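Enquirer: Handing you this structure, nothing more for now.
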Amino acid sequence: MDADRKSQYGNIPRDMIASGSTSQYVLGSTDAEQERLIRQAARLDPYTERLFRDAGMGPGQRILDIGSGVGDVAMLAARLVGPSGEIVGVERDVRSIARARARVAEAGLHNVTFMQSDVSQVTSGAPFDAVVGRCILQFLPDAAAVMRSLSRLVRPGGVLAFHEPTWSPLLLLTAQLPLWSACASLIRKTFQCSGANADMELVLFRAFEEAGLPAPNMWMEIPMGGDSFFAGWVYDLLCSVRPQMQQHNLSCEALGNFETLRERLDAELVALKSPGACIGLVGAWSRVPASSAPR
């Protein structure tokens, strides 16, 4: 494993890793992974924007983004709240924070700041209107405990909103695509062996209630299409998780030559006249109760 891959847990705040846990952040934090996240965000952002708008986020609000990574969700939220609003991103990985800050400056967004911090150490002189995150809770051993802690930073009537993945729909959609199915199954297995939860729909629903929040509004969407993004998404993700595949003795021999894998993924879709797809996105949001009783 190269030096960059040795940066365990990537953009997961330290308090989100269970004491004594043997799980590792499956995606690493290499330059290549940062670029993959940016490409992925360009496709997922419209779905996340719909989630945030449905949850009532808009101009003038103050929002906390957990597990900010290279800043895509924070920048999306910044555009929703406008110059009168404020976004605070929490990120553990120093390299990711540097990249996020550079991207925010390049985008001309002056209402976004990032802090290197454990979630348990985040303090605020004023409450947030919302706490958000995308594809972060899947890595937590106790999502409910983290959500309970975060809800204390949100004003009464404020929102917690998360976008989390589920792999099961992709496995069903690719059942008649041998190469796609093998790739999706191997990625999902690697996530699971690394301690991540690959199917978050039930976990997410239960986490809101166990955190003392009302049952969330939820729905699932699956990005699909005929363009080359999807084959690239699968290939890039396999490249990012490959070190963890090797660590967990998961063989990729059935996938054939990696150098031609992306082209063969595209070719399989054309041959079988099938659309490409990626993970199902489970959106969930709920409001912090107006009661002032301690949570």
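Enquirer: Please determine whether any residue of segment 67-82 is under 30 Å from PRO243 (Cα atoms), open to solvent by 40 Å² or more (accessible area, probe 1.4 Å), hydrophobic (A, V, I, L, M, F, W, C) and part of a helix (DSSP H, G or I).
Expert: Within segment 67-82 (the criterion being under 30 Å from PRO243 (Cα atoms), open to solvent by 40 Å² or more (accessible area, probe 1.4 Å), hydrophobic (A, V, I, L, M, F, W, C) and part of a helix (DSSP H, G or I)), the answer is no, since none of the residues qualifies.
Enquirer: Let me ask something else. Any chance segment 130-151 includes a residue that's farther than 28 Å from VAL26 by Cα and open to solvent by less than 50 Å² (accessible area, probe 1.4 Å)?
Expert: no
Enquirer: Can you give me the number of residues within segment 182-228 that are in a helix (DSSP H, G or I), open to solvent by 40 Å² or more (accessible area, probe 1.4 Å) and over 19 Å from PRO289 (Cβ atoms)?
Expert: So the count comes out to 8.
Enquirer: A further question follows. Where the second residue is acidic (Asp, Glu) and surrounded by 22 or more Cβ atoms within 10 Å (Cβ to Cβ) and the first is part of a helix (DSSP H, G or I) and lies in segment 129-150, which pairs have Cβ atoms under 9 Å and are six or more apart or on separate chains?
Expert: LEU137/GLU164; GLN138/GLU164; ALA143/GLU164
Enquirer: Would you point out which residue out of ARG36, ARG99, ARG53 is among the basic types (Lys, Arg), open to solvent by less than 40 Å² (accessible area, probe 1.4 Å) and either outside any strand (DSSP E or B) or under 24 Å from GLN244 (Cβ atoms) (or both)?
Expert: ARG36
Enquirer: Give the residue, chosen from PRO243, PRO289, that is farther than 30 Å from PRO156 by Cβ and over 17 Å from the mean Cα position of the chain (by Cα).
Expert: Just one listed residue meets the conditions, PRO243.
Enquirer: Which pairs have Cβ atoms under 8 Å, sit 6 or more apart or on different chains, and link a residue in segment 258-276 that is farther than 13 Å from ASP236 by Cα and charged (D, E, K, R) to one that is modelled with pLDDT under 95 and not in a helix (DSSP H, G or I)?
Expert: Going by the 8 Å Cβ cut-off, the qualifying pairs are ARG264/GLY256; ASP266/SER228.
Enquirer: How many residues are in a loop (DSSP other than H, G, I, E, B), within 17 Å of LEU160 (Cβ to Cβ) and of a type in the set (A, V, I, L, M, F, W, C) if we restrict to segment 257-290?
Expert: 2
The values are calculated or read from the model by the stated rules, or taken from the named source; none is laboratory data. If you're wondering where the values come from, they're calculated on a predicted model, not measured in any experiment. No Cβ is skipped: glycine too gets one built from the backbone with ideal geometry, and neighbour counts run over all protein chains shown. We work out accessible area using only protein heavy atoms, side chains counted, and drop any ligands, DNA or RNA first. Shrake-Rupley method; radii C 1.70, N 1.55, O 1.52, S 1.80 Å.
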